Amino acid sequence: MQLSGLFLSRLPFRANRRLLLCSIIIVFASTVVVAQKDTGAIAGTVKDSSGALVADAKVTIADVDRGTSLVTNTNSQGEYVASPLKIGRYNVTVEKQGFKKALAGPVTVNVQERPQINLTVQIGNFNETVTVNTQGPQLESETSELGQVVNSKTAETLPLNGRNYAQLALLGAGVAPSEPGSRVSSSYGFSANGARALQNNFLLDGVDNNANLGDVLNETAYVIQPSVDAIAEFKVQTNSYSAEFGRGNGAILNAVIKSGTNQLHGDVYEFLRNDKLDGRNAFDQFGRQPYKQNQFGFTLGGPIIKNRTFFFGDYEGLRVRQATPSPAIIPTPAMIGGDFSSFLDLTTPALQLDPNTGSPTNQVALDCSGNPTYVGEIFNTRQTMTASANPFAAQNLNGLCGVPIGTNAAGIPTNIFTGNAGLNTPIDPLAARLAALFPAPNANISGNNFLSDPSRRESRNNFDIRIDHKIGVKDDAFGRFSYEDQPSFIPPPFNNVLDGGGFFDGIEDDSYRSVALSETHLFSPTVVNEFRVGYNRINSHRLQLNYNQDISQQLGFRQSDVDSWPPLAEVWD
């Protein structure tokens, strides 16, 4: 909207008038269509027993669970369309003077679906009712969309590790787990029809639920992850979806939060995982590690005013405590004291390199004393000599020779090879302070001499509140607020400024908010206006363990402009 306003303000007045006129013509010349991102519809044809079309018949669509209804009429072709309808169960009643009433139902309406319910009325008493059997599958013959509907029962009963609703998208045709290494792979991102995982379009209650970020921090493609128990149903649309859906080149994941009904309903749940129930992997060199996961919550919905106003709310909590084995290679006490003899391999002479190709030759490289050199030998880089200063340098292909670092038995500096032990170069005070921060080696696992086993702590708290209200015969409204908070602590191997961890180690706190408001007004059976607004906010912070610490002063850096590591943060509205 802002870009359009800026564009118009720079056009001449005459051009503005022409553009406005064209816009009006396009709007009023357009074919009437019904947008139903998070809703559905019921359509059909009414005929009499002879097969003749019945025009101007009254069609009532009654919500079985909420007690509300929508009334429309058939057109001159005997056709009717009732839209938009919240997902749920409906009874369809047809009334026409001179005919018996026809009743069909209950008919299930799913997200983005429009079942075809054709009814036949019989001549007779207006007060009599004929029930039409609608059992059996109802084929989607009104649209060409390819998709998979997942209802609440399926979502709640399928075993999902972590109970993330995005996992259920894998039930759809053409959907596969996200590519290895994807930023959203840890949050069950998925690829549809070969598109990238970040090209999917997430909708919640008909409003945008896309993170729209590079997701460097929170690693999700969506804003709100509703509890599986809070979802009425969702549909994964993978092909030929309506033009009302933009943005996504992959799939459309359209989820709807449950709404209240005339009956009070809810549930309480708890899912437990821990290491006591886990088997030991025979190939795991670290053994069975401590692990505790609790996922718990509740839902509650019901009437505020029967047949008119309804509420639904839910809460879910997640607590994970998990050991994170972190193997590492650290300097030994001997190395800290200047003894690097463990690096030396006296069985493998160092070979000279061809200066033209850089490939090893079969000639042994000599030091500046004429002695053969070995793999892992340490030299004083400040005393490298050329052929003009040392006769042995000329025997090397590159015309250079190195001076071994060491001392003799009396501790006097010498250029004689001493096996990398007893270095005659003093250790820099800053290097000594850094070396003192390393712990002592405690393991010997696959070449690593240190193993830390800190506890990773991950939490999540999220809730949704939804209010549905039937304003009148022609007006419906709803509002929904969702909140989610994910504090976590991922410890690095070292609990000091050395850190030693990766990019995602440290203290992280991600919070998410989402608001959806909608009002629908039925002007006529063919004209429906729906006003809907949504707002999303993501606030992500990641702090290193040494955040806001004066590292320069602790380690003795001189004239440093950096006194602490900066935090990482992103905020998106």
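The values are calculated or read from the model by the stated rules, or taken from the named source; none is laboratory data. Predicted model, so just to flag it, every value in this text is computed and none were measured. Reconstructed Cβ throughout: ideal geometry from the backbone, glycine too, with neighbour counts over all protein chains shown.
Could you identify the single residue in 227, 141, 178 that is at pLDDT below 80 and assigned by TED's automatic domain parsing to the domain that holds residue 515? After applying the criteria, what remains is 178. Would you check which residues across the stretch 461-499 are in contact with a helix residue (DSSP H, G or I) (Cβ under 7 Å, 6 or more places away or on another chain) and among the charged types (D, E, K, R) and list them? The answer is 464, and nothing else.
Can you confirm whether the stretch 487-497 contains a residue that is surrounded by 14 or more Cβ atoms within 10 Å (Cβ to Cβ) and closer than 30 Å to residue 301 by Cβ? Yes, the conditions are met somewhere in the stretch 487-497. Give the number of residues within the stretch 471-500 that are over 15 Å from residue 517 (Cα atoms) and among the basic types (Lys, Arg). Looking only at that region, the number is 1. The residue that is nearest to residue 307 (Cα to Cα), among those in the stretch 451-485 that are surrounded by 17 or more Cβ atoms within 10 Å (Cβ to Cβ) and modelled with pLDDT under 90, is 454.
Yes/no matrix, rows are residues, columns are (1) touching a helix residue (DSSP H, G or I) at 6+ places or on another chain (Cβ under 7 Å); (2) at pLDDT 80 or above; (3) under 26 Å from residue 461 (Cβ atoms); (4) not polar (S, T, N, Q):
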site	(1), (2), (3), (4)
501	no, no, yes, yes
505	no, no, yes, yes
508	no, yes, yes, yes
522	no, yes, no, yes
532	no, yes, no, yes
549	no, no, no, no
559	no, no, no, no
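Where strands (runs of 3 or more DSSP E) fall entirely within the stretch 282-370, those with at least 2 residues that are modelled with pLDDT of 85 or more and under 30 Å from residue 472 (Cα atoms) are at 291-305, 309-323.
Filter the stretch 48-69 for residues that are modelled with pLDDT under 90 and part of a strand (DSSP E or B); which is nearest to the chain's Cα centre (by Cα)? Selected residue: 69.
Within the stretch 41-65, the residues that satisfy the criterion of being over 16 Å from residue 123 (Cβ atoms) and buried (at least 18 other Cβ atoms within 10 Å of the Cβ) are 41, 42, 44, 59, 61, 62, 63. Looking across the stretch 485-505, the residues that are in contact (Cβ under 8 Å) with a residue 40 or more places away in the chain and assigned to a loop (DSSP other than H, G, I, E, B) come down to 491, 492, 493, 494, 495, 496, 497, 498, 499, 500, 501, 505. Out of the residues in the stretch 231-279 that are assigned to a strand (DSSP E or B) and among the hydroxyl-bearing types (Ser, Thr, Tyr), state the one that is surrounded by the most Cβ atoms within 10 Å (Cβ to Cβ). Here the residue is 238.
Can you confirm whether residue 67 is out of contact with any strand residue (DSSP E or B) (no Cβ under 7 Å at 6 or more places or on another chain) and at positive phi? It is true that residue 67 is out of contact with any strand residue (DSSP E or B) (no Cβ under 7 Å at 6 or more places or on another chain) and at positive phi. Take the conditions (1) loosely packed, with under 15 Cβ neighbours inside 10 Å; (2) within 37 Å of the chain's Cα centre (by Cα); (3) modelled with pLDDT of 80 or more; residue 98 misses just one of them, which is (2). Which number in (1) within 47 Å of the chain's Cα centre (by Cα); (2) surrounded by 15 or more Cβ atoms within 10 Å (Cβ to Cβ) marks the one condition that residue 329 misses? Unmet for residue 329, out of (1) within 47 Å of the chain's Cα centre (by Cα); (2) surrounded by 15 or more Cβ atoms within 10 Å (Cβ to Cβ): (2). Restricting the first member to the stretch 506-528 and to residues that are in the same structural domain as residue 458 (by TED's automatic domain parsing) and closer than 20 Å to residue 464 by Cα, and the second to residues that are among the β-branched types (Val, Ile, Thr) and assigned to a strand (DSSP E or B), the beta-carbon pairs closer than 7 Å and six or more apart or on different chains are 512/538; 516/207; 517/533. Filter the stretch 512-536 for residues that are closer than 26 Å to residue 204 by Cβ, of a type outside the set (A, V, I, L, M) and in contact with a Ser or Thr (Cβ under 8 Å, 6 or more places away or on another chain) and give the result. Passing the criteria: 512, 513, 514, 529, 530, 531, 532, 534, 535, 536. With respect to residue 492, determine if the residue is on the phi < 0 side of the Ramachandran plot and over 20 Å from the mean Cα position of the chain (by Cα). Spelling it out, residue 492 is indeed on the phi < 0 side of the Ramachandran plot and over 20 Å from the mean Cα position of the chain (by Cα).
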